[in-house]
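Q: Sharing a structure below in structure tokens format, with a few things to ask.
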Amino acid sequence: MTFIVRQIAVTADGREIIRANPFADPQIGVGRNAENAIHLPDLAVNPEHAVIRRLDDGQIEIESISGQKFSIDGRDKMSATVEPAKGAELGFGGHVITVSQDSEDVILTVKRVEALSDSAEDREEGALYTLKGLLPGKRISAWSFVGLALAAFLIWPIYTWATYRGVEERPDQFHADTMWSSGALSDAHHSLEGDCQACHVDAFVTVTDKTCLNCHEDDAHDHAKPDRLLTAMGDPEGLERVSAAFAAAFNKPRGRCVECHTEHEGEGAMQPTAQKFCADCHDGLDERLIDTKLENASDFGIAHPQFRPAILLKPGGKAPPRKRISLDDKPTEYNGLKFPHDVHLSKTGGVAQMGRRLSSKFGFGPSMVCADCHTPDADGVRFKPVDMKEDCSMCHSLAFDEIGGTVRTLRHGEPAMVRADLRAYYRSTGPTRPINLGGMKRRRPGDNNEVRVASDYARAVQFRPSRANLAISEVFSRGGACFDCHGVTPPTSRSAVDYGIKPVTQTDRYMHKGWFSHDAHNDEDCTSCHNAESSNDARDLLLPGIKTCRECHGGEFQTTSDVPSSCAMCHDYHADDGAPWLSKELRKDKQKKPDKNIAGQ
């Protein structure tokens, strides 16, 4: 036997809504509490008024558990037994429960009737404790709030704006038109916090480019031509056309300053440009600007061209020629030096053995590492040019003489001075005097032998200056101090020794169109990106390709990558020698944390 409770609600137009809920429990409760199977929201009914239970003979028993009576067929009872097949009407406050039977199920139909007592009048219980009857109607209240909102957030701000129009500096107090502000100004415009009219000249008119140029005419960078910029953006499509039409109607043409330089985004520096903003033009750019030399790009992780570093074409001079070449073409670069990385980084070769012998003096490890020769600059962004005296001379010595404990060295980078120093050395010094010449030193007996030794020594003294040319040739020839590392220009004639050194240019930055900081990657080993250990030629360009970078970096929305990277992390429209804004902010955050050593140190 199952209890089926059928709740009947009557709508305002007299329709009945019936909701039936079955209960398999042998006993159900009746009362004002919502936990009861038969919930009666009536103050005349106790929270736990009565229970209805099944009996073994098929009848049901109704029993009051609150001490308050209920009615059954018009008579008040504390308990009663009912045969469902015959039916009965139970009264609880203003509700009637009709008992009936359907097959083996007991049907309890609950319906609210006319008020049977003062507490059961036809209204909701919650309404008895509200101020509903004392307040205006919903329509009047709604219109009142609309009027209040218009007065507070439209009329009052307009009045404030009109009152202070033309005033350069407002008093330090609340101004109603600041309620229209979407956020605080950036650091660049923080001084204008109290001078809204500096940018918002006319009411309900967006900020124009002319207003921006009133202050930024002199310091504004070169921008793309407006017509070319709009061509690169492409015409709006679909619903964007509708949006563009509305924007134009309200004096918001495309390509304005504020489309890039957004304000009221919060204190601090201006927010970096979103990836989507860049991709709107650079995705499929060659289809709109058919003469562009830029390749399409929209997402670093999945749609970005291979890196094109500026490769040195010929070393020497203040501005040597360079050309951007894709790393897919496997370019090489001759900078005027001969340097096999694999020999110097070997853990078992002669360089490693020399490093171990000199470790107590120079702090070398079991073998040479990158940091032994490459020194980061003050910012840690790039590396200083390799210097012979600071980075090489501990192993590659240029010493040629010692006087009173002072070691004389050949002058690095000055071939003419090298030749002059060697000539001066051989002219001012004599050959080593034979130990058996004169005196009481042991020698072979006989005067002839003494004459022979003296003659040989005299000949050596006579030809001593001419040996300078031989020494010069040895320095600049294979196996000499200069030849092993530098390209040597031959002398002008067979009898001359005017050797020269080919120009050397060390590149400190290859990616002039993008930004890269070694300091931001100091948790990585050098060999994670640079395959120097297997390079046996100084012309090898040991730059990592985009595939290597993508092992950690993905696009702005590739949250599964280790470092989701937007365009603004590496690129800046107004590019200079400094870092893009986003990279500067990340560097500030990094400086707050403990620094780690450069990889390899």
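Q: Give the residue that is farthest from MET270 (Cα to Cα), with candidates limited to residues of the range 532-557 that are in contact (Cβ under 8 Å) with a residue 60 or more places away in the chain, open to solvent by 50 Å² or more (accessible area, probe 1.4 Å) and under 17 Å from the mean Cα position of the chain (by Cα).
A: ARG550
Q: When only residues in the range 33-48 that are over 13 Å from VAL110 (Cβ atoms) and surrounded by 17 or more Cβ atoms within 10 Å (Cβ to Cβ) count, which is modelled with the highest pLDDT?
A: The selected residue is ASN46.
Q: If I filter the range 221-241 for residues that are at pLDDT 85 or above and surrounded by fewer than 14 Cβ atoms within 10 Å (Cβ to Cβ), do I get at least one hit?
A: Within the range 221-241 (the criterion being at pLDDT 85 or above and surrounded by fewer than 14 Cβ atoms within 10 Å (Cβ to Cβ)), the answer is yes, since at least one residue qualifies.
Q: Of everything in the range 307-355, what is β-branched (Val, Ile, Thr) and either in a loop (DSSP other than H, G, I, E, B) or surrounded by fewer than 15 Cβ atoms within 10 Å (Cβ to Cβ) (or both)? Give them in sequence order.
A: Across the range 307-355, the qualifying residues are ILE325, THR332, VAL343, THR348.
Q: For the range 181-204, check the following and say yes or no: at least one residue is aromatic (Phe, Trp, Tyr) and in contact with a Phe, Trp or Tyr (Cβ under 9 Å, 6 or more places away or on another chain).
A: yes
Q: Using the structure shown, decide if ASP421 is touching a strand residue (DSSP E or B) at 6+ places or on another chain (Cβ under 9 Å) and either open to solvent by less than 40 Å² (accessible area, probe 1.4 Å) or of a type outside the set (Val, Ile, Thr) (or both).
A: Against the criterion (touching a strand residue (DSSP E or B) at 6+ places or on another chain (Cβ under 9 Å) and either open to solvent by less than 40 Å² (accessible area, probe 1.4 Å) or of a type outside the set (Val, Ile, Thr) (or both)), ASP421 qualifies.
Residue-by-condition table, conditions (1) more than 25 Å from ILE311 (Cβ to Cβ); (2) assigned to a loop (DSSP other than H, G, I, E, B); (3) touching a strand residue (DSSP E or B) at 6+ places or on another chain (Cβ under 7 Å); (4) open to solvent by 40 Å² or more (accessible area, probe 1.4 Å):
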residue: ALA471; (1), (2), (3), (4): yes, no, no, no
residue: GLY480; (1), (2), (3), (4): yes, yes, no, no
residue: ARG509; (1), (2), (3), (4): no, yes, no, no
residue: HIS512; (1), (2), (3), (4): no, yes, yes, yes
residue: THR527; (1), (2), (3), (4): no, no, no, yes
residue: HIS530; (1), (2), (3), (4): no, yes, no, yes
residue: THR559; (1), (2), (3), (4): yes, yes, no, yes
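Q: Here's a check for you: in the range 514-548, which residue that is touching a Lys or Arg at 6+ places or on another chain (Cβ under 8 Å) and charged (D, E, K, R) is nearest to LEU294 (Cα to Cα)?
A: Among those residues, the one meeting the criterion is ASP519.
Q: Now a separate question. Tell me which residues, restricted to the range 1-32, are under 22 Å from GLU83 (Cα atoms), at pLDDT below 90 and under 60 Å from the mean Cα position of the chain (by Cα).
A: none
Q: Separate question: Given the condition part of a helix (DSSP H, G or I), without any contact (Cβ under 8 Å) to a residue 60 or more places away in the chain and farther than 18 Å from ASN522 by Cβ, answer yes or no: does some residue in the range 379-388 qualify?
A: Yes: one or more hits.
Q: Continuing with the same structure: Determine whether the range 141-158 contains at least one residue that is touching a Gly at 6+ places or on another chain (Cβ under 9 Å), farther than 30 Å from HIS282 by Cα, assigned to a helix (DSSP H, G or I) and open to solvent by less than 50 Å² (accessible area, probe 1.4 Å).
A: No, because not a single residue in the range 141-158 is touching a Gly at 6+ places or on another chain (Cβ under 9 Å), farther than 30 Å from HIS282 by Cα, assigned to a helix (DSSP H, G or I) and open to solvent by less than 50 Å² (accessible area, probe 1.4 Å).
Q: If HIS396 meets every condition in (1) closer than 30 Å to PRO490 by Cβ; (2) at pLDDT 90 or above; (3) not in a loop (DSSP other than H, G, I, E, B) apart from one, which number is that one?
A: (3)
Q: Which one of the conditions (1) over 22 Å from ASP105 (Cβ atoms); (2) without any contact (Cβ under 8 Å) to a residue 40 or more places away in the chain; (3) touching a Lys or Arg at 6+ places or on another chain (Cβ under 7 Å); (4) not hydroxyl-bearing (Ser, Thr, Tyr) does ALA20 fail to meet, given that it meets all the rest?
A: With respect to (1) over 22 Å from ASP105 (Cβ atoms); (2) without any contact (Cβ under 8 Å) to a residue 40 or more places away in the chain; (3) touching a Lys or Arg at 6+ places or on another chain (Cβ under 7 Å); (4) not hydroxyl-bearing (Ser, Thr, Tyr), ALA20 is out only on (1).
Q: Using beta carbons and a limit of 7 Å, which pairs, at least six apart or on different chains, have the first residue in the range 166-191 and open to solvent by less than 60 Å² (accessible area, probe 1.4 Å) and the second one of a type in the set (Ser, Thr, Tyr) and assigned to a loop (DSSP other than H, G, I, E, B)?
A: As it stands, the answer is ARG170/TYR164, since those pairs meet every condition given.
Q: I need the full set of residues from the range 532-544 which are touching a Ser or Thr at 6+ places or on another chain (Cβ under 9 Å) and under 22 Å from ILE302 (Cβ atoms), in order please.
A: The answer is PRO544, and nothing else.
Q: Another question, if that's okay. For GLY137, all conditions in the list (1) open to solvent by less than 50 Å² (accessible area, probe 1.4 Å); (2) at pLDDT 90 or above; (3) of a type in the set (Gly, Ala, Ser) hold save one; what is the number of the exception?
A: Failed condition: (2).
Q: Filter the range 224-281 down to the residues that are among the basic types (Lys, Arg) and part of a helix (DSSP H, G or I) and list them by number.
A: Those that are among the basic types (Lys, Arg) and part of a helix (DSSP H, G or I): ARG228, ARG241, LYS276.
Q: For GLN59, state whether it is open to solvent by less than 80 Å² (accessible area, probe 1.4 Å), more than 13 Å from VAL110 (Cα to Cα) and touching a residue at least 12 places away in the same chain (Cβ under 8 Å).
A: For GLN59, the condition - open to solvent by less than 80 Å² (accessible area, probe 1.4 Å), more than 13 Å from VAL110 (Cα to Cα) and touching a residue at least 12 places away in the same chain (Cβ under 8 Å) - is met.
Q: Have a look at THR409, THR375 and point out the one that is within 38 Å of the chain's Cα centre (by Cα) and either closer than 27 Å to PRO309 by Cβ or surrounded by 12 or more Cβ atoms within 10 Å (Cβ to Cβ) (or both).
A: THR375
Q: Take the range 12-30 and flag every residue that is over 19 Å from LEU55 (Cβ atoms) and open to solvent by less than 80 Å² (accessible area, probe 1.4 Å).
A: GLY14, ILE17, ALA20, ASN21
Q: Kindly indicate the residue of the range 242-288 that is of a type in the set (Asp, Glu) and touching a residue at least 60 places away in the same chain (Cβ under 8 Å) and also surrounded by the most Cβ atoms within 10 Å (Cβ to Cβ) among those meeting that condition.
A: GLU263
Q: Any idea which of PRO315, PRO309 is in contact (Cβ under 8 Å) with a residue 24 or more places away in the chain, in contact with a strand residue (DSSP E or B) (Cβ under 8 Å, 6 or more places away or on another chain) and either under 22 Å from ALA188 (Cβ atoms) or not aromatic (Phe, Trp, Tyr) (or both)?
A: Only one candidate passes the filter, namely PRO309.
The values are calculated or read from the model by the stated rules, or taken from the named source; none is laboratory data. This is a predicted model, so every value here is computed, not measured. A quick note on method: Cβ atoms are made from the backbone with ideal geometry, for glycine too, and the neighbour counts reach across all protein chains shown. All accessible areas refer to the heavy atoms of the entire protein, side chains included, with ligands and DNA or RNA removed. Shrake-Rupley method; radii C 1.70, N 1.55, O 1.52, S 1.80 Å.
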